[in-house]
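Step one of this worksheet: look at the structure below.
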Amino acid sequence: MRPASIAVVGANERLGSYAAETLRNLEAAGYEGEVWGVNPNRTQALGRPCVPTIADLPTAADAVVVAIPAAGVPAVIDQAGERGCGGAVVFSAGFAEVQAGASLQQRLVDAAARHALPVCGPNCNGIVAMRSRTVLWGDAFLPREAGHVGLISQSGNVAVNALATRRGLRFHTVIASGNQAVLSAADYLEFLAGEDELDAIALYLEDDGGPRLCDGLAACAEAGTPVAVLKVGSSEAGARAAAAHSAALAGDQRIFRGLVEEAGAAWADDVHELLELAKTLAVGGRVERGRGVAIMTCSGGDSAQAADEAPRVGLDLPRLAPGTRRRLENLLPTAATAANPLDYTAMLWGDGPALSEIVSTLGADPAIGQVLVFYDQPPGIGGAAGESWRAVREGIIAGAALSPVSTVVSSTLPELLDDDAAWRFAQAGVPAAAGLRTGIRCAAAMAGRTGEPGRLRAIAEAARAARVGGTRQRWWLAEHEAKELLRGEQIEVVPGRVVVDAGDAVAALEELGAPVALKLSAAAVRHKSELGGVALGLCTGEELAGAYRRLAGVAAEHGGAVLVERMAPRGVELLVAASADAVVPAVIVGLGGTWTEVLGDVAIVPLPASAERIERALRSLRGAPLLLGARGRPPVDVAAAARLAERVGAVLLKRGLELIELNPVVVYETGAVAVDAAVCMRGLPAAPRTRRGGGGGQLPIDGEGCSSLRARASASTSSSGRPT
């Protein structure tokens, strides 16, 4: 990032070539270190001396740019390591991004590993470090002032476009990481967290980053460096068809987002929002949580839009205090109303002192934690009109300096944020966002919570442990074996047992008490109802014997057993699951039973997770009123449900399982019990056991994990009588 010398392998003068553009970019940026070309066919390129090979360099270069055909790259990496160079940026394509290049990329990785040589790429656009004027970049580049925003992007084009934007955005460092064969986005994130004068990071990811990403996010939390994240696509786990409810409702992308939120990072929905969030957080930082925002504009239309949009992102628009309203009434024209949002009307446009006092007055209100001002400036405005915009801008800046809380500026349309004006705001410590909805989203991000470094590191360790072992062998337990496992781990499940004949079934009825459910339990069957594998509400021995005779044949056909269970009384039904098949292990909680797929109302908590943390997640659900008492219903024991979920997560980690899914868990005024259970194991399966009622214990699954059965597991039937 701060090299004293750079070597460009493949140096030439051909217009448009990455090597030549790198040399031109270094010149344009004013890089002051030594630069050499490496090319056996040239003695100089664009005024820079060339040597035949890396071994011929007068000294080991701190940074080596590689811009030659892919086949020659592993040898160059080996030479750079032998020479003692500091690191390499590989522009060359034709590696693992295409099937034929996978072995070539492995040779590159092996060469780098032999010398512990850090490598950016291959198939990347490189690195731009503005403050050291280090432009290891073979694409378009326009020199700008150094700023305080870092960008790490797996997409080269996203990085190229970001460098070209004109929205008051100035970068500290831009890294287009390409294939990430050696260094990953997580490595860059951890490094940038400690960089001087870097105040926020934008992270554009095409994969989940693995446990190392948790380390990078923890480093940012420790350094107080805000992060904005845009994750596109899905990992292999997220792309697989999944019919188990927890997988369908909490696929890899949702668990990844849960991790991002746990880290206190801002989630972006597109590249525009990603850049605006990072820019705003770099200038404005974080603000005090729990206080509202005051919105100020000269347009009633903008005021109405803002009032509609703010609640969607959780921003409160408090009623202004009586003293604030009185002071504003003395400043506003008679056509304006002192309210929040505040339309100060176009009659005050250009009156810098009045606008300054309005900003500071809003900021002094005890309920206000931020002031958001809409400011539109078409580019190219000059003359008297330009002077009026300057007066408004300077009035806002002066008011922000007097205000006790943060002031944010936003245009209403993205193209109405003038670059020079936005940069002037930024230099004055006032973040300027492009677009009304984005501006409100940025204000909400400033009021977001921050991550806990210790917790993030614990999540990273759990994720690493979940990936240990290397085998991708997975298999389901039959339901009765899943419940045996859970009982052994002190997780409350409905009473029941396997039965071997009709008489044993009747005996189980007497032991358990009516009514009972009779169920097929086989690892090979996930969708019992299609096979007629469930009989509910059985109260007499005659009913039970008849149902047993019918189900015993189905069980024999599928290598399963027959399970008798006490019917659970009605209560509030939850989904409680824990999964290790994503970026980090996580517990998933939400409304269960018949509501699971209808509402999709789940919360994700990365593991390890305490009962207190899970209880907060349950209380955040849209359907939380069902738990807390609504429409005259008594509240249920949310704490008991949270303790059960905590134990489920702990068992997943302790036993190295792939998935535990309990749907439903029925929660009562006191206590909670799991009615249905599915457990997916990982590793090499044990030999099937011979037991009362037949086998049905373990079904091996292919290397695609649980998905081959999940695809046929869109429903089962619970002992509470609900299809799930």
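Since every read-out is calculated from the coordinates, none of them should be taken as a lab result. Just so it is clear, the structure is predicted and the values come from calculations on it, not from any experiment. Because the Cβ atoms are built from the backbone with ideal geometry, glycine has one as well, and the counts that use them run over all protein chains shown.
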If unit charges are put on Cβ atoms (+1 for Lys and Arg, -1 for Asp and Glu) and the dipole of region 364-519 is taken about its Cα centre, the option from 374, 428, 443 lying farthest towards the positive end turns out to be 428
Which lysines have a Cα less than 22 Å from the Cα of residue 519, not counting those fewer than 8 places away in the same chain?
483, 528
Computed over the chain: relative contact order in percent, which uses C-alpha pairs under 8 Å that are six or more apart:
10 percent
Positive minus negative residues near residue 545 (Lys, Arg vs Asp, Glu; Cβ under 12 Å):
-2
Amide proton proximity set for residue 89, modelled H, under 5 Å, gap of 5+:
64, 65, 66, 120
Quick check of the Kirkwood formula: for region 1-139, what is the inverse mean of 1/r over all pairs of different Cα atoms, in Å?
14.6 Å
With a 10 Å Cβ neighbour count serving as the proxy for reagent exposure, in which order, fewest first, do 631, 2 appear?
631, 2
Neighbourhood net charge (15 Å Cβ-Cβ; Lys/Arg +1, Asp/Glu -1) for residue 270
+2
Calculate the dipole size of region 1-139 relative to its Cα centre from +1 charges on Lys and Arg beta carbons and -1 charges on Asp and Glu beta carbons; express the result in debye to the nearest 20.
80 debye
For region 323-412, state what percent of all Cα-Cα pairs lands in each successive 5 Å bin, counting from 0 Å until the bin that includes the largest distance.
3, 15, 25, 27, 18, 8, 3, 1, 0
Least to most buried among 349, 423 (fewest other Cβ within 10 Å first)
349, 423
Read through the labelled values (i) 38; (ii) 24; (iii) 29 and report the label of the one computed as percent of Cα pairs over 45 Å apart from the structure.
(i)
Just to confirm a number: summing +1 for Lys and Arg and -1 for Asp and Glu over residues other than residue 413 whose beta-carbon lies under 11 angstrom from that of residue 413, what do you get?
-2
Per 10 Å bin, what is the whole-percent P(r) computed from every C-alpha pair distance within region 496-566?
24, 59, 17
Taking placed amide H atoms and a strict 5 Å upper bound, the residues 5 or more places from residue 151 or on another chain that come that close are 173, 174, 175, 202
Whichever lysines have a C-alpha closer than 24 Å to that of residue 231, once near sequence neighbours (fewer than 8 apart) are set aside:
279
Suppose we keep just the DSSP beta bridges with both residues in the chain; what percent of those would be antiparallel, to 5?
55 percent
Is any helix in the chain, taking whole DSSP H runs, at least 27 angstrom long along its axis by alpha carbon and on average at least -0.5 on the Kyte-Doolittle scale, and which ones?
383-402
If amide hydrogens are placed 1.01 Å from N in the peptide plane, which non-local residues have theirs closer than 5 Å to the one on residue 38?
8, 9, 10, 11, 51
